[in-house]
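Taken together, the values in this text are just the output of simple stated rules run on the coordinates, not laboratory data. None of these values were measured; they are calculated from a predicted model. Don't worry about glycine lacking a Cβ; one is built from the backbone with ideal geometry, like all the others, and counts go over all protein chains shown.
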Amino acid sequence: MERKEYSAGAVKVCFWFSEFRKIVTLLNEGNSMEDIKSLNQRENIFSAPTPLRANQIFSSVSARVSSLDSSFYPLFLESDLATQKLFTLVSAMAYDTLLFDFVYEVIREKMILGTNELPDSDVRIFFKNKQIQNEKVAGWTDATLNRLGRCYRTMLYERG
């Protein structure tokens with residue numbers, strides 16, 4: 001996985017599981033990303049409230065899908081819902097380095113300990129450590145870090 005610069009862009013995105021599945025399905029049927037982008041602009045395939053939001057959804061989800069090798073399409077489409085959601089989370093982690101670090105450093109520890117609880121303090125400690133380690137994260141406001149923490153928690157909740 002290529003380590004990208006940390007970004008707080010996740011505050012404006014969602015898990016977007018059904019959108020992820022739609023793009024993978026269309027790609028598996030032989031469509032290109034450009035075909036899907038055009039289709040989205042013409043037909044609003046994600047039922048977004050505005051054209052701007054439709055483009056934002058496509059941009060985020062297509063980048064996540066593209067972060068994984070195309071060989072996963074058939075496996076994804078043949079898998080059960082839980083496995084499909086796992087693919088969706090893994091693609092988000094491959095695309096977002098900070099989310100990857102959050103899952104690796106915080107959620108992995110929880111899994112090792114056998115607990116499903118994720119108190120706010122664990123999220124705050126993670127971001128406090130990242131602020132110490134990274135100048136860019138240190139420049140983010142508390143409001144941004146709170147929103148980002150809520151976003152990550154929501155993604156994990158939606159994953160199940």
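Observations, loosely collected:
- Three-way shape label, the range 1-75, alpha-carbon gyration tensor, a/c 1.5: oblate
- Ranked for footprinting exposure by Cβ neighbours inside 10 Å, fewest first, Ile57, Ile112, Ile23, Ile45 give Ile112, Ile45, Ile57, Ile23.
- Cα gyration tensor shape of the chain, rounded if a/c is under 1.5, else prolate or oblate by comparing a/b with b/c: prolate
- Scaled radius of gyration (Cα, divided by 2.2 N^0.38 Å) that the range 96-160 gives: 1.08
- With neighbour counts taken as other beta-carbon atoms within 10 Å, the residues Leu148, Leu86, Leu75, Leu27 rank, fewest first, as Leu75, Leu86, Leu27, Leu148.
- Per residue, the average separation of C-alpha pairs within less than 8 Å and at least 6 apart gives the chain a relative contact order of 31 percent.
- Here the extension length gained between Gln133 and Ser79 equals 15.6 nm, from 0.36 nm per residue of separation less the Cα-Cα distance.
- Seen through its C-alpha gyration tensor, with square-root eigenvalues sorted a ≥ b ≥ c, the range 61-111 comes out oblate because a/c lies at 1.5 or above while a/b is not bigger than b/c.
- Efficiency of FRET between Leu39 and Asp142 - r from beta-carbon atoms, R0 35 angstrom, step 0.05: 0.30
- Sites Leu52 and Thr115 - FRET efficiency at Förster radius 41 Å, r taken between beta-carbons, to 0.05: 0.55
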